[in-house]
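In what follows, a structure is listed as structure tokens, so that the remarks can point back to it.
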Amino acid sequence: MPIQIRRMKAEDVETCGRICYEAFKGISENHNFRPDFLSAQAGIDLMRMLFESPNSFSVVAERDGVVIGSNHLVEYDAIRAVGPITVDPATQAKGAGRMLMEAVIERGKGSAGIRLVQDSFNTASLSLYASLGFDVKEPLALIEGELKDDLPPNVTVRAIEEGDYQACADLCRTIHGFDRLNELKNMPPFLTSFVAIRDGRLTAYTSAPYFWPLNHAVAETEDDMKVLLIGTANFSPGQPLTILLPTRQTSLFRWCLKQGMRVIKPLTLMSMGEYHKPRGCYLPSVGY
């Protein structure tokens, strides 16, 4: 029977989670990179979070009554974010991935834009996304490590508060042309977002600096991003930051390396629809 695409159901979550774990594990290990998921349970937990979110559109690919893959479109704000898309390793390269992508692209029609981040070493996914109309926008590096330094006397870094959200949205619009206010407000409760206040004014924020798939950050200047990262790291000594960094920001990249952070893997930011070249310093999530 041909492959069918349908909305995800609660009973699909565990199967999709295991497929997610196995698919990412396989492609990473084939290229000698560390897997993104340490266990099948981590993949299942992610699938459950996406399925249960009212801001996620989740679909599965099914053949002969068996689920063989899934994809998601996160719909918090004007820009939609794709993924993760995964297909059972035993059934890859047979059309399911393209059909899953076509489903979320169709869903995203009418939005300002759709974005995704893919592993640069995965040439199959890079080719698929390009053929579907996504443009390469940024080379990225996943980096991790600890930072230790003192903050300047005129800068404070602290956990985000209710009164900070509008300033964060304004700053994000200045940098990207769009804000991510709803996404920022709906970070999972086990994650903490941080802001940097310089001379009494909010100049940077980061949404989930210890969990890179959900982290994004914007800052007025590179110096504001540096103190944001340092101040955030000071909250949890011994716990490494994990962030996506556009390597085009070369001086920030070199600074992170000098501080002891290390590259884990290369990735690519791709976009369909509206895209404004960032007008400041930023770190993307798997969305943008």
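The values are calculated or read from the model by the stated rules, or taken from the named source; none is laboratory data. Nothing here was measured: the structure is a model prediction, and the numbers come from that model. Backbone-built Cβ (ideal geometry, glycine too); neighbour counts: all protein chains shown. These accessible areas exclude ligands, DNA and RNA; they are computed on the full protein's heavy atoms, side chains included. Shrake-Rupley method; radii C 1.70, N 1.55, O 1.52, S 1.80 Å.
Could you say whether any residue in the stretch 86-96 is modelled with pLDDT of 95 or more, more than 19 Å from V13 (Cα to Cα) and not acidic (D, E)? Checked the stretch 86-96: no residue is modelled with pLDDT of 95 or more, more than 19 Å from V13 (Cα to Cα) and not acidic (D, E). Elements of the type helices (runs of 4 or more DSSP H) sitting completely within the stretch 156-244 and holding at least 3 residues that are out of contact with any strand residue (DSSP E or B) (no Cβ under 8 Å at 6 or more places or on another chain): these cover 165-176, 181-185.
Summed over the stretch 140-157, the residues that are surrounded by 14 or more Cβ atoms within 10 Å (Cβ to Cβ) and farther than 14 Å from L229 by Cβ give a count of 4.
Taken across the stretch 163-171, residues that are loosely packed, with under 14 Cβ neighbours inside 10 Å, over 26 Å from Q118 (Cβ atoms), of a type in the set (G, A, S) and at pLDDT 95 or above do occur, with at least one present.
Of everything in the stretch 208-232 that is hydrophobic (A, V, I, L, M, F, W, C) and within 19 Å of P189 (Cα to Cα), the residue that is most open to solvent (accessible area, probe 1.4 Å) is F211. With the structure loaded, tell me whether P266 is out of contact with any Cys (no Cβ under 6 Å at 6 or more places or on another chain), of a type outside the set (S, T, Y) and in a helix (DSSP H, G or I) or whether it fails that test. No.
Suppose the filter is open to solvent by 40 Å² or more (accessible area, probe 1.4 Å) and in a helix (DSSP H, G or I); does A124 pass it? When the stated conditions are applied, A124 passes them. Restricting attention to the stretch 68-90, the residues that are of a type in the set (A, V, I, L, M, F, W, C), closer than 20 Å to A40 by Cβ and open to solvent by 20 Å² or more (accessible area, probe 1.4 Å) total 2. Condition check: small (G, A, S), within 18 Å of the chain's Cα centre (by Cα) and in a strand (DSSP E or B). Does S285 satisfy that? Against the criterion (small (G, A, S), within 18 Å of the chain's Cα centre (by Cα) and in a strand (DSSP E or B)), S285 does not qualify. For the residues L214, L267, L257, the requirement of being within 21 Å of V286 (Cα to Cα), at pLDDT 95 or above and not acidic (D, E) singles out L267. Based on this model, can you work out whether A103 counts as small (G, A, S), farther than 23 Å from W212 by Cβ and in contact with a Phe, Trp or Tyr (Cβ under 9 Å, 6 or more places away or on another chain)? The answer is yes for A103. Does the stretch 25-42 contain any residue that is among the basic types (K, R), within 17 Å of the chain's Cα centre (by Cα) and surrounded by 16 or more Cβ atoms within 10 Å (Cβ to Cβ)? The answer is no, given that none of the residues of the stretch 25-42 is among the basic types (K, R), within 17 Å of the chain's Cα centre (by Cα) and surrounded by 16 or more Cβ atoms within 10 Å (Cβ to Cβ). Picking from residues in the stretch 43-52 that are open to solvent by 70 Å² or more (accessible area, probe 1.4 Å) and within 13 Å of P213 (Cβ to Cβ), the one that is farthest from the chain's Cα centre (by Cα) is D45. Of all positions in the stretch 53-64, none carries a residue that is surrounded by 20 or more Cβ atoms within 10 Å (Cβ to Cβ), out of contact with any strand residue (DSSP E or B) (no Cβ under 7 Å at 6 or more places or on another chain) and over 30 Å from R262 (Cβ atoms).
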